[in-house]
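Here is the structure we will look at.
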Amino acid sequence: MINIVYINGYKGKNSSKAKILKEKYNATHIVLEDEFNPNEVCQKLQELEPDIIIASSTGCYVADSCSYDKGVFIYLNPLVDLDDLKKIADITNLKNLSSKEKNRVVLVNQDDELLDYKKTVEHYENVKIFENGGHRFKNLEDLVEIINKLK
């Protein structure tokens, strides 16, 4: 069985994506609380050794900083500019983290109401752009299709 981990975004600990991924793929949810330590997230990835890492928004920012690189990283509307997060959150323990090389699939929605998808397109290569789905990435059928191709 394929080992999948999901890392939520800021204030996303009750994520519907986490519940769906748990039901469909028995995915482990690494919860980012309001205050979290990126090093703990990275250590958890090392321990779990997932085949697929799915992350949303701030979760992508943290996952990018981890040295773990064995799996495929699927990013949903990733946070690429820490200043965007500072507009909505009082985050003091995050710095500009260095991005590590990874096998990534990056998915963004043009109608993301929190983050400018164009920054993601500039930051990453091979970004798949969808018209609709908002910041919460409600177009889960597209995500499921990609996961099933990777299995």
Label segment 1-68 by shape, choosing from rounded, prolate and oblate, from the square roots a ≥ b ≥ c of the eigenvalues of the Cα gyration tensor; if a/c is under 1.5 it is rounded, and otherwise prolate applies when a/b is larger than b/c, oblate when it is not.
oblate
Just report the Cα centroid separation between segment 107-122 and segment 1-34, whole Å.
21
Give, as ranges by residue number, the residues of segment 99-123 whose backbone N falls under 18 Å from the point 7 Å along Cα→Cβ of LYS70.
101-104
Calculated Kirkwood radius over Cα pairs in Å (choose from [x] 15.7; [y] 15.2; [z] 18.8), label
[y]
The chain: longest segment with zero exposed GluC sites (Glu not before Pro), where exposed means DSSP loop plus at most 11 other C-beta atoms within 10 Å, is residues 36-100
Starting from the Cα of LYS70, draw a straight line to each of the aspartates and glutamates and keep only those under 14 Å, dropping any in the same chain fewer than 8 residues away.
GLU47, GLU49, ASP51, GLU101
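Once you list every other residue whose beta carbon is under 12 Å from the beta carbon of GLU122, what net charge do they have if Lys and Arg are +1 and Asp and Glu are -1?
Numbers: positive: LYS118, LYS119; negative: ASP81, ASP116, GLU125.
That sum, taken over residues with Cβ under 12 Å, equals -1.
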Distance (nanometres) between label positions extended 7 Å along Cα→Cβ at LEU114 and LYS44
1.7
Going through the cross-link list LYS19/LYS149; LYS22/LYS119; LYS11/LYS151; LYS17/LYS44, which pairs have a Cα-Cα distance over 27 Å in this structure?
LYS22/LYS119; LYS11/LYS151
Might you report the magnitude of the Cβ-based charge dipole of the chain about its Cα centre, with Lys and Arg at +1 and Asp and Glu at -1, to the nearest 20 debye?
360
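Each reported figure results from applying straightforward, stated rules to the coordinates on display, with no laboratory input. Note that the structure is predicted; figures quoted are calculated from it, not measured. Cβ sites come from the backbone with ideal geometry, for glycine too, and all protein chains shown count toward neighbours.
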